[in-house]
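Notes follow once the structure below has been shown.
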Amino acid sequence: MHILPILALVLLVGFLTGANLFALGACSLLVVFQLAQYFSDRWAESLKVERTQQRAEYNIGDSIAVGLKLRNDSGLYIPWLFAEDVLPKRAINTPNPALEVTGQPAKLYFLHARQPGLMAYQLRALRRGYFQLGPTILETGDLLGLHRNYRIATEREFIIVLPKLIPLDGMNVTSQRPMGELRANDRMLEDPTQMIGIREYRMGDSLNRIHWRATARTGKLHTRVFQPTCIQGAMIVLDMHCKTNPDRNEPLRTDLAVTAAASIAHTLYMMNQPFGLVSNGRDAADRVRQMSLEREFFDREQVRDGIEMQSVSDRLRPVVLQANRGPEHFAEVHRTLARLERTDGLGLQDLFLETESRFSRQLSVIVILQNVDDESAFALASLKRRGYSVCAVINQHSQDGLSDSAAKLVACHIPVYALPNESSVQNVCREILVAS
């Protein structure tokens, strides 16, 4: 043991100076310190923890059952052990919590040799989000309080609470492009691949639409008639910038915008229409901190600082999911929307500059935003002038604020839809507030 040379030196000094009692007391104290550290380390190393959890994805309102099984694998009695399963503070200790805790995620144990210990608690998902559960922190030490040992006993688990899906009554958003999949009321654009009949020739009809067999049979010119169609797919653009989504409206407004975006995507998925997602928000997965289980810690706050998710992220890359169809694509969009958070990175105009090359001109562009400032209005107008079918969903409850934001888009002939509350989501893309 490395304490032996120190003990020999203290005893030698005591004998040479005649301070035998002092030397004996110092040696006793050193032995006590060494034994405290030895047993504290031994107790911590002998502990094993197993976590049980149902799944990784939940819906709002679901209960999340978490169980921990502790086991003392040594032949020693552990006089005290404090175990805590770390939960995200920003999801629990806030005025609008995202997770509601029932039970005890922290508990004090007294374990005999080979004795197991159990800890169980429940969480209820109140809001969508991406949350880190764990790891489990174990703290033990001697009874005199001379030495404390902190250890991270389990890996972290991450859960996703998916945003709510609200069925839409209908959608009045189409790209007005020919050669689509849906019948359209507007007969200005007809799909030349879907002929539905013939009629007599009228002045102004194109010559390449003449039906020559019917003309030869009847002796009169006849023209082919085609089905008017459109594409109802969309690129959903979700503005999550802090400037246009102020703190005073959080987290209600951003959660409502995410709910609307998820509901629109789900409706398009059920109609087998293409849809994609573009956002200047931050993916919460970018805040995950690298964690080392072998690191030594000296106090509980240091442990927390080393394992909790970071509070900020400086990534400026936008979130982009290309337009596609199918259940896998919708599941990816749904999970991405669950993880989105506000950011102070790219504004709406910068977002369009970065991502416009990935937009399809065959699809509508549905922009969901809260406040329409001059920069945002200019960005939407520029996108419409470049040939895109653009509409805006204003996420405001105040009628005055809604009117002020919509007024900036009226001159640009951009259709505007209102999103004052959750009950309006089912009609969000049906009832136009301002027509183009």
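Summary table below
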read-out: Breaking point among (1) out of contact with any Pro (no Cβ under 6 Å at 6 or more places or on another chain); (2) under 14 Å from residue 153 (Cβ atoms), for residue 85; value: (1)
read-out: Filtered residues of the range 196-215 (kept if more than 53 Å from the chain's Cα centre (by Cα) and of a type in the set (Ser, Thr, Tyr)); value: 201, 215
read-out: Yes/no for residue 173 being modelled with pLDDT of 85 or more and closer than 27 Å to residue 254 by Cα; value: no
read-out: Output for the range 376-402, where each listed residue is part of a helix (DSSP H, G or I), among the polar types (S, T, N, Q) and loosely packed, with under 15 Cβ neighbours inside 10 Å; value: 399
read-out: Number of the condition not met by residue 89 [criteria: (1) more than 30 Å from residue 287 (Cα to Cα); (2) modelled with pLDDT under 90]; value: (1)
read-out: Close pairs (6 angstrom Cβ cut-off, 6 or more residues apart or separate chains): within 20 Å of residue 263 (Cα to Cα) in the range 350-378, among the hydroxyl-bearing types (Ser, Thr, Tyr) and assigned to a strand (DSSP E or B) anywhere; value: 364/389
read-out: Residue, nearest to the chain's Cα centre (by Cα), within the range 248-257, restricted to residues that are assigned to a helix (DSSP H, G or I) and surrounded by fewer than 21 Cβ atoms within 10 Å (Cβ to Cβ); value: 255
read-out: Total residues in the range 379-398, condition among the aliphatic types (A, V, I, L, M) and either under 14 Å from residue 420 (Cβ atoms) or touching a residue at least 60 places away in the same chain (Cβ under 8 Å) (or both); value: 2
read-out: Hits in the range 215-242 - residues which are part of a loop (DSSP other than H, G, I, E, B) and modelled with pLDDT of 90 or more; value: 239, 240, 242
read-out: Residue list for the range 134-148, filter: among the polar types (S, T, N, Q) and more than 35 Å from the chain's Cα centre (by Cα); value: 140
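Matching residues to (1) in contact (Cβ under 8 Å) with a residue 24 or more places away in the chain; (2) within 24 Å of the chain's Cα centre (by Cα); (3) crowded, with 18+ Cβ neighbours inside 10 Å:
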position	(1), (2), (3)
41	yes, no, no
58	yes, yes, yes
65	yes, yes, no
81	yes, no, yes
86	yes, yes, yes
102	no, yes, no
107	yes, no, yes
121	yes, yes, yes
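The values are calculated or read from the model by the stated rules, or taken from the named source; none is laboratory data. The model shown is predicted, which means the values in this text are computed figures rather than measured ones. Here the Cβ is made from the backbone with ideal geometry for all residues, glycine too, and neighbour counts use every protein chain on show.
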